[in-house]
Amino acid sequence: MNKLLSTLGICLLSSTIQAQPPDIVRPHEAIDRVGDIAMVCGVIASTKYLKNTRGSPTYLNFDKAYPDQEFSAILFGKNRKNFVVKPETLTGYQACVYGKIKKYKGKAQIELVIEKQLRVKAPE
């Protein structure tokens, strides 16, 4: 019985941990959070779909347009089928992206794999 209660307690604890909202990070703060799983929120200042480049990446540059952005979300072509919206059409939208923050060429980024990682609010 104690083992069952102990296991139940662990399950409840892990569901409580998973239910906590993610840390919300501003784009310029993301570089200090490399390795963390967080939600980065800001305005998509510029986008670029490089269809004919290896991996066919789409970049969403937050708060400042490329090359001055401090944070980007990247979506590779193999995952575009997972998105209803075309990410390259989101310039000017307020957005949040969720995932593990990584560093690429000195800048922070999150890779988007599924649409649930991207939340968008239309410009007002």
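The values are calculated or read from the model by the stated rules, or taken from the named source; none is laboratory data. In this text the structure is predicted, and so the values were computed from the model without any measurement. Reconstructed Cβ throughout: ideal geometry from the backbone, glycine too, with neighbour counts over all protein chains shown.
Against the list (1) at pLDDT 95 or above; (2) farther than 19 Å from GLU115 by Cα; (3) among the basic types (Lys, Arg); (4) outside any loop (DSSP other than H, G, I, E, B), the condition LYS3 fails is (1). A single entry from GLU29, GLU124, GLU111, GLU115 fulfils the requirement of being acidic (Asp, Glu) and at pLDDT below 95: GLU124.
Suppose the filter is surrounded by fewer than 18 Cβ atoms within 10 Å (Cβ to Cβ) and among the aliphatic types (A, V, I, L, M); does ALA65 pass it?
Numbers: surrounded by fewer than 18 Cβ atoms within 10 Å (Cβ to Cβ): yes; among the aliphatic types (A, V, I, L, M): yes.
Spelling it out, ALA65 is indeed surrounded by fewer than 18 Cβ atoms within 10 Å (Cβ to Cβ) and among the aliphatic types (A, V, I, L, M).
If you filter segment 85-100 down to residues that are of a type in the set (A, V, I, L, M, F, W, C) and farther than 18 Å from PRO67 by Cα, you find that the one that is surrounded by the fewest Cβ atoms within 10 Å (Cβ to Cβ) is VAL85. Taken together, GLY42, GLY35, GLY99 contain a single residue that is within 13 Å of the chain's Cα centre (by Cα), more than 22 Å from GLU115 (Cβ to Cβ) and at pLDDT 95 or above, which is GLY35.
Comparison of ARG54, ARG80 shows that the only residue that is touching a residue at least 24 places away in the same chain (Cβ under 8 Å), on the phi < 0 side of the Ramachandran plot and among the charged types (D, E, K, R) is ARG80. Listed conditions (1) within 11 Å of the chain's Cα centre (by Cα); (2) closer than 19 Å to ASN52 by Cα; (3) hydrophobic (A, V, I, L, M, F, W, C) are all met by PHE76, apart from (1). The set of residues in segment 101-124 being surrounded by 14 or more Cβ atoms within 10 Å (Cβ to Cβ), within 20 Å of ASP68 (Cβ to Cβ) and in contact with a helix residue (DSSP H, G or I) (Cβ under 9 Å, 6 or more places away or on another chain) consists of ILE101, LYS107, ALA108, GLN109, ILE110. Applying the set (1) surrounded by fewer than 18 Cβ atoms within 10 Å (Cβ to Cβ); (2) at pLDDT 95 or above to THR58 leaves exactly one unmet item: (1).
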